[in-house]
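Contents: one structure, followed by commentary.
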Amino acid sequence: MRKLLLVLVAGCLALAGCSDGDSPKWAAPLASSAPAAITGADAHRLPASIPVPAGSGTPAGSTGNGPMGTHRVTGTADVALTFDDGPSPTWTPQILALLRQHGIKATFCMVGTEVQAYPNLVRAIAADGHTLCSHSWGHELNLGSQAEDAIRANLTRTNQAIAAAVPGTRVKYFRQPGGNWTPRVVAVATSLGMRSLHWAVDTNDWRKPGPDAIYNVVAGQTGPGAIILLHDAGGDRSGTLAACRRIFPLLKSRVTLIPMP
Ligand SMILES: [Zn+2]
């Protein structure tokens, strides 16, 4: 039993960094082995992402229908595309160009270190009218289990970097790396004026399953109010980009796409 636990824990650690972005800068690359490891990573996440109408099963005090009071849906029938782990000088400009081409506004959940490195890209995202979201300073998967002061310092530093890039901006959303929410991290984000942003449709694009698989998840699982999780950084995002070339026109034909308000 103890051996089994160790295997599971090791698998989880090996993959935890990949559960929401797999850049070697902040996470070990995806281990090529171990189905047990995938189970470990998945244990941190919600089960299959079937969108649920806002209001049903909503925890007290929440409007977003996600774990621990986070937003899993937009709250209306409108659908939100979200891009995590950037900005990336390679991929973000291409995603921005594609969004512009289709007249779509999205939400970008950005990592502080990347914001600091590429402030011009943060300005480009803001200038195009997309919503800015904090994704922690260094993509800390364990942020929620850190002390309250440490969480506050992390999130404050990230927001200051975003504000330095785009003066006068206020960051209204926070997404915990890996979706590893805790009541503490949600509470600190709330105290800093940020709503916690989860998702309803997980494309798993960080696993690089290929454009067809990414497209099929969005096509098959997107319902009213869905928040869709994609990545514009953290590794080779050519599959995500190729999928988006088909996802954007498909969604436009079905739903209204909004940046998180
Ligand atoms: Zn992430």
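From Thr131, Thr107, which residue is in contact with a Cys (Cβ under 6 Å, 6 or more places away or on another chain) and not basic (Lys, Arg)?
Result of the check over Thr131, Thr107: Thr107.
I'd like to know if the range 80-101 contains one or more residues that are part of a loop (DSSP other than H, G, I, E, B), hydroxyl-bearing (Ser, Thr, Tyr) and within 12 Å of Ala233 (Cα to Cα).
yes
Name the pairs: first residue in the range 62-78 and under 13 Å from Ala200 (Cβ atoms) and modelled with pLDDT under 90, second residue aliphatic (A, V, I, L, M) and in a strand (DSSP E or B), Cβ to Cβ under 9 Å, at least 6 apart or on different chains?
Gly64/Val73; Gly64/Leu197; Gly64/Ile227; Asn65/Val73; Gly66/Val73; Gly66/Leu197; Gly66/Ile227
Please determine whether any residue of the range 138-151 is hydroxyl-bearing (Ser, Thr, Tyr) and over 19 Å from Ile228 (Cβ atoms).
Yes.
If you scan the range 104-123, which residues turn out to be within 24 Å of Ala219 (Cα to Cα) and either under 15 Å from the mean Cα position of the chain (by Cα) or without any contact (Cβ under 8 Å) to a residue 60 or more places away in the chain (or both)?
Scanning the range 104-123 gives Ala106, Thr107, Phe108, Cys109.
Quick one: what pairs do we get from the range 211-237, first residue touching a residue at least 12 places away in the same chain (Cβ under 8 Å) and under 16 Å from Met110 (Cβ atoms), second charged (D, E, K, R) and part of a strand (DSSP E or B), C-beta under 6 Å, 6+ apart or different chains?
Leu229/Asp202; His231/Asp84
Being in contact with a helix residue (DSSP H, G or I) (Cβ under 9 Å, 6 or more places away or on another chain), at pLDDT 95 or above and not in a loop (DSSP other than H, G, I, E, B) is the requirement here; does Trp181 meet it?
Answer is no for this residue.
The values are calculated or read from the model by the stated rules, or taken from the named source; none is laboratory data. Remember, predicted model here, so these are calculated numbers, not experimental data. In this analysis, Cβ positions are derived from the backbone assuming ideal geometry, glycine residues included, and neighbour counts consider all displayed protein chains.
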